[in-house]
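Please read the structure below before turning to the comments.
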Amino acid sequence: MKQWKTILAAAALALASSTAAMAARTDLVLGMPLEPPHLDPTAGAAAAIDEVFYANVFEGLTRIGSRGEVLPDLAESWTISDDGKTYTFKLRSGVKFHDGSDFDATDVKFSLDRARGESSVNAQKGLFAPVDTVEVVDPTTVKVTLKNPLGSFLYNLGWGDAVIVAPESADTNKEKPVGTGPFKFQNWAKGSSITLVKTDGYWGDPVALDKAEFRIIPDAAAAIPALLSGDVQALPNFALGDALAQVKADPRFKVVIGTTEGETVLSTNNKKPPFDNLKVRQAIAHALDRKALIDGATGGLGTPIGSHFAPHNAAYVDLTGTYPHDIAKAKKLLKEAGLADGFKATLKLPPVGYARQGGEIVASQMREIGIDLQIIPVEWADWLKQAFTDKDYDLSIVSHTEPNDIDIYARKDYYFNYDNPAFNKVIDELNLTSDEAKRTELYKQAQKILADDAVNGFLFELPKVGIWDAKVEGLWENSPIQANDLTKVKWVD
Amino acid sequence: MTIYLLKRLLIGIATLVVASLVVFLMLEVVPGDPARLMLGMNASDAQVELLREQMGLNQPLALRYLDWASGLLQLDFGKSYTYSVPVIDLIRERLVVSFPLAVIALTLSTLIAIPVGLFAAARRGKAGDTAAMAVAQVGVAMPNFWFALLLVYVFAVWLRLVPAGGFPGWGNGIWPALKALILPALALALPQAAILARVTRAALIEVLNEDYIRTARAKGMPMRAVMWRHALRNAMIPVLTIMGLQFAFLLAGTIIIENVFYLPGLGRLVFQAITQRDLIVVESVVMLLVAAVVLVNLAVDLSYALVDPRLRARQ
């Protein structure tokens, strides 16, 4: 009898412990290479801020989904006036900020007015420039009037820079961010990690994770052992380089190669001779071998592009055939430009792997047609000063990671020094158009103009290399916007 | 003795003043604008100007130097441009990692180096000496990040005894924090120990040729006692000098090891601050390090006096 009792007790114990083991994990540690300089997405351009806080802690009126689509977020619905200038947003009720205060229309007005105000240091202030007035109609209704119709307005509101903050906490968000999202900020151990925990009483679908920690691992050589030892269970967006091969074959992990919004271009100073000559730019385009470049700079993972547009976008046209790889043609064009003997120029490279490795390859490809490029490696701060601000450069390699940013070519004084009235006209028209079919058509026209003009050497779309535990589900495959959305992430057995 | 110390102290203070000027001016020449760096490529020039104004970057150079230097005297290091928190807080957060790490590494390296040095010196020219110095030579030549990665793969990935990196903070108990520091301390200590062992051996061998050692041996003192009581003590001055230099290096020159173990230490703070052009942080940390080197040197000078009574007696 006594023996039976022991066996029963043992069985019960075994059962209890096995159900405990079966309950899925609810914590996740993610590795990221760069640390955010501060924690307020409305006050800085650093992608690392959005990669922790977008959709997790902060929410906007709209948000961008995993396929780049615009979804309702704090605004549950909206109506647009016939002239396309007035947007009336119906807000969700019962939403609370993490400090316990209620979210309502005044917070929306405050956030939008703050972002476009005179003393605003919002890195994407331009997104809010078309806004004329923001009116509170009632606690759950906001009316936004634009100066002119703007087709991309709902998309723009989905940027991390347009999230809704509360007046009480806006000034302290850099250190202690307070949002409305499914996770709330718990702790920032500077130089080490940022921890988020689940918000109780969240207005939307409850999240599966109780706790998420973003650990700062600056080096790919350190990230791999961290993953292998189980300290970190996901590296959602990490330029791993050669280290990737080490884990690719390991069944414990999933390697997911996706796309980003990063158009990597051979930036060209269009006003500086001889690059002001279309024939010279065309010659460069013909001399570029994208395949070799992609293999060398991204381990074969990038997607070739022929203009400044992301291949996963519905309005994308493949223009990689505009100037196919053709050395003879390139030499002929240089000769027509009066530069049969080639010329010397500089190639300023920021400190990122794709640029430094890509730069070597570009230089050797240019040498084939007689262009002798002197490679000058620079730091980011230096690059921003020399190339971007002072436009003191000939060529450079940079990935433009902002989503849907073809309009930068219409910007006055942008560092490409490109100015084409026909292109500007297309972008102006695009801004006034909300009809999707028409917008797609205009986007296609814009891409075509840039490709024909060979404004920059269009190289490849930067890949998103993600790797995580095979039992983790719900992390984004692509990166249509800088984010690590954890709202659908869970452990499965 | 007092004059000796006063002289050292004055030299230290002069070093600090000169260093503050050099550091400040040198960083002013470095191109790059912290405001543009924060706002990125999509912000307008007017906005960057606005942020510069808010950060106080538009004040004249001399004024900013005086502001900063007078702050330093009151131990007020100013506010970080990028983090917008007091610099002293940033440094304190990093020192709780870097200082214990440096202390543990130096202790480990001393504990290894002195016995190895003694062992080798006592067997000069014999097989034991050759073997010990060959191992030390490998230790000096080995790149420390490679050795660090080796340690990670063996102890973290394979044996899973310690975490592969990161620092849990002292708030979560002493043991987890120590565990996170063991591998980095070891990776730092071994190459240092190799250098220190060679220095110890060389210093000992020089001392062993002195007349008083022969006298001690002649009066029948056993070799072991001669080593400890006469030789080691007299050989300590070069050893202490190297240890002083090593401590200063371990405090902030460990950026590579900090990267491999992703530790939030001082070295990474400086590195990050340089890339983000957070000049005030760079300036303050560098000054702190200069102060640390000056202090360590003072302490080494003092310890000379302790191990060498002749220095004490010289008035």
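Pick out, from B:Trp158, B:Gly139, B:Pro176, the residue whose Cα sits farthest towards the positive end of the charge dipole of segment B:91-240, with +1 on the Cβ of Lys and Arg and -1 on the Cβ of Asp and Glu.
The residue sitting farthest along the positive end of the dipole is B:Gly139.
Give, as a single signed number, the net charge of other residues whose beta carbon lies under 14 Å from the beta carbon of B:Phe167, with Lys and Arg counted +1 and Asp and Glu -1.
0
Give me Rg over Rh for segment B:182-315, both radii from the alpha carbons and Rh done the Kirkwood way, two decimal places.
Ratio of gyration radius to Kirkwood radius for segment B:182-315: 1.13.
Run the numbers on segment B:87-313 and let me know its relative contact order in percent, using alpha-carbon pairs under 8 Å that are six or more apart.
It rounds to 28 percent for segment B:87-313.
If I take R0 = 51 Å and measure r between the Cβ atoms of B:Asp67 and A:Ala328 in this structure, what FRET efficiency does the formula 1/(1 + (r/R0)^6) give, to the nearest 0.05?
Efficiency computed from Cβ-Cβ geometry: 0.20.
Tell me the net charge near A:Arg116. Cut-off is 14 Å between Cβ atoms, A:Arg116 excluded, with +1 for each Lys or Arg and -1 for each Asp or Glu.
Net charge in that neighbourhood comes out at 0.
In whole percent, how big is the carbon plus sulfur part of the accessible area of segment A:372-437, probe 1.4 Å, protein atoms only?
47 percent
Classify segment A:274-423: rounded, prolate or oblate, from the alpha-carbon gyration tensor (a ≥ b ≥ c, eigenvalue square roots; a/c under 1.5 rounded; otherwise prolate if a/b is larger than b/c)?
Judged from the Cα gyration tensor, segment A:274-423 comes out rounded (a/c under 1.5).
Residue by residue through segment A:263-276, what is 3J(HN,Hα) from phi via Karplus (6.51 cos²θ - 1.76 cosθ + 1.60, θ = phi - 60°)? Round to whole Hz and write x for glycine and proline.
Working through the residues one at a time gives 6, 8, 10, 8, 4, 10, 7, 5, 9, 8, x, x, 6, 6 Hz.
Using a 1.4 angstrom probe with every protein chain in place, what is the largest-first accessible-area order of A:Thr79, A:Thr199?
The ordering from most to least exposed comes out as A:Thr79, A:Thr199.
Which entries of A:Lys272/A:Lys348; A:Lys348/A:Lys464; A:Lys279/A:Lys344; A:Lys109/A:Lys147 have Cα-Cα distances beyond 20 Å here?
Exceeds cut-off: A:Lys348/A:Lys464.
Can you give the accessible area of B:Glu210 in Å² (nearest 10), computed on protein heavy atoms with a 1.4 Å probe?
Counting only protein heavy atoms, the figure is 80 Å².
Please say if segment B:98-141 is rounded, prolate or oblate, where rounded means a/c under 1.5 for a ≥ b ≥ c the square roots of the C-alpha gyration tensor eigenvalues, and otherwise the choice is prolate for a/b larger than b/c and oblate otherwise?
oblate
Leaving out ligands, DNA and RNA, what percent of the accessible area of segment B:87-313 is carbon and sulfur, probe 1.4 Å?
Answer for segment B:87-313 is 71 percent, counting heavy atoms of protein chains only.
Excluding ligands, DNA and RNA, what is the solvent-accessible area per residue of segment B:2-73 at a probe of 1.4 Å, expressed in Å²?
Result: 57 Å² per residue.
How charged is the neighbourhood of B:Phe99? Take every other residue with its Cβ under 14 Å from the Cβ of B:Phe99, and add Lys/Arg as +1 and Asp/Glu as -1.
Local net charge: 0.
Say the dipole of segment B:2-73 comes from +1 at the beta carbon of Lys and Arg and -1 at that of Asp and Glu; which of B:Met26, B:Thr15, B:Leu66 then lies farthest toward its positive end?
Comparing the listed Cα positions along the dipole, B:Thr15 ranks first.
Which residues of segment A:378-422 show a drop of at least 20 Å² in accessible area when all protein chains are present, compared with their chain alone (probe radius 1.4 Å, heavy atoms only, ligands and nucleic acids excluded)?
Those are A:Glu379, A:Ala381, A:Asp382, A:Leu384, A:Lys385, A:Phe388, A:Thr389, A:Glu402, A:Arg411, which lose 20 Å² or more relative to the chain on its own.
So which residues of segment A:179-202 lose at least 40 Å² of accessible area, probe 1.4 Å, when you go from the chain by itself to every protein chain present?
A:Lys190, A:Gly191, A:Ser192
What is the antiparallel percent of DSSP beta bridges lying wholly in the protein assembly as shown, to the nearest 5?
Restricted to the protein assembly as shown, the bridges split so that about 75 percent are antiparallel.
Is chain B rounded, prolate or oblate when judged by the Cα gyration tensor, a ≥ b ≥ c being the square roots of its eigenvalues, rounded requiring a/c under 1.5 and prolate requiring a/b larger than b/c?
oblate
With a probe of 1.4 Å, find how much accessible area segment B:123-258 has per residue, and write the answer as a whole number in Å².
On a per-residue basis, segment B:123-258 sits at 51 Å².
What does the accessible area of A:His98 come to, in Å² to the nearest 10, when a probe of 1.4 Å is used?
Its accessible surface works out to 40 Å², give or take rounding.
Ignoring ligands, DNA and RNA, how much accessible area is buried between chains A and B, both sides summed, with a 1.4 Å probe, to the nearest 100 Å²?
Approximately 3700 Å², summed over both chains.
Putting +1 on Lys and Arg Cβ atoms and -1 on Asp and Glu Cβ atoms, find which of A:Thr195, A:Pro236, A:Ala212 reaches farthest to the positive end of the dipole of segment A:174-239.
A:Thr195
Which stretch or stretches of segment A:146-176 have amide N atoms under 20 Å from the point lying 7 Å from A:Glu436's Cα along the Cα→Cβ direction?
A:150-159
Quick one: which bits of segment B:274-296 get at least 40 Å² less accessible when the partner protein chains are in, versus the chain alone, with a 1.4 Å probe?
B:Arg277
Mind jotting down the distance between the C-alpha centroids of segment A:92-119 and segment A:210-254, whole Å?
Answer, in whole Å: 37.
From the phi of every residue in segment A:198-208, what ³J(HN,Hα) in whole Hz does the Karplus formula 6.51 cos²θ - 1.76 cosθ + 1.60 yield, where θ is phi - 60° and glycine or proline is x?
Karplus values, whole Hz, x for Gly and Pro: 4, 8, 6, x, 5, 5, x, 4, x, 8, 7.
Report Rg (one decimal) and Dmax (nearest whole number) for segment B:2-73, counting Cα atoms only, units Å.
17.8, 62
If you average 1/r across every pair of different Cα atoms in chain A and take the reciprocal, what Kirkwood value do you get, in Å?
One decimal place: 24.6 Å for the Kirkwood radius.
Based on the alpha carbon coordinates of segment A:105-213, what radius of gyration and maximum Cα-Cα distance (Dmax) apply, in Å?
15.9, 45
Nearest 500 deg cm²/dmol is fine: what mean residue ellipticity at 222 nm does the protein assembly as shown get from its DSSP H runs of n ≥ 4 alone, each adding -39,500 (n - 2.57), divided by its residue count?
Helices in the protein assembly as shown give a 222 nm mean residue ellipticity of -14500 deg cm²/dmol.
Compute, for chain B, the length of the dipole vector about the Cα centre, with Cβ point charges of +1 (Lys, Arg) and -1 (Asp, Glu) only. Units Debye, rounded to 20.
Computed about the Cα centre, the dipole is about 1800 debye.
Just flag the GluC sites (Glu not before Pro) in segment A:411-477 sitting in loop per DSSP whose Cβ has no more than 15 other Cβ atoms within 10 Å.
A:Glu477
In whole percent, how big is the carbon plus sulfur part of the accessible area of segment B:2-73, probe 1.4 Å, protein atoms only?
The value for segment B:2-73 is 73 percent carbon and sulfur by accessible area.
Using a 1.4 angstrom probe with every protein chain in place, what is the largest-first accessible-area order of A:Glu379, A:Glu35?
Result, largest first: A:Glu379, A:Glu35.
Dipole size in debye (nearest 20) for segment B:2-73 around its Cα centre, Lys and Arg Cβ +1, Asp and Glu Cβ -1?
With Lys and Arg at +1 and Asp and Glu at -1, about 480 debye.
Probe 1.4 Å, all protein chains in place: accessible area of B:Met41 in Å², nearest 10?
Its accessible surface works out to 30 Å², give or take rounding.
Can you tell me the relative contact order of chain A? Whole percent, Cα pairs under 8 Å, sequence separation 6 or more.
RCO, chain A: 21 percent.
Roll a 1.4 Å probe over the protein chains and send me the accessible area per residue for chain A in Å².
On a per-residue basis, chain A sits at 41 Å².
Using a simple charge model, +1 on the beta-carbon of Lys and Arg, -1 on the beta-carbon of Asp and Glu, nothing else, what dipole does the protein assembly as shown show about its Cα centre, in debye to the nearest 20?
For this selection, approximately 4160 debye.
The values are calculated or read from the model by the stated rules, or taken from the named source; none is laboratory data. Only a predicted model underlies this, so the values are computations on that prediction, with no experimental measurement involved. Note that each Cβ is placed from the backbone with ideal geometry, even for glycine, and that neighbours are counted across all protein chains shown. The protein model used for the area step is the full one, side chains on, heavy atoms only, and it has no ligands, DNA or RNA in it. Shrake-Rupley method; radii C 1.70, N 1.55, O 1.52, S 1.80 Å.
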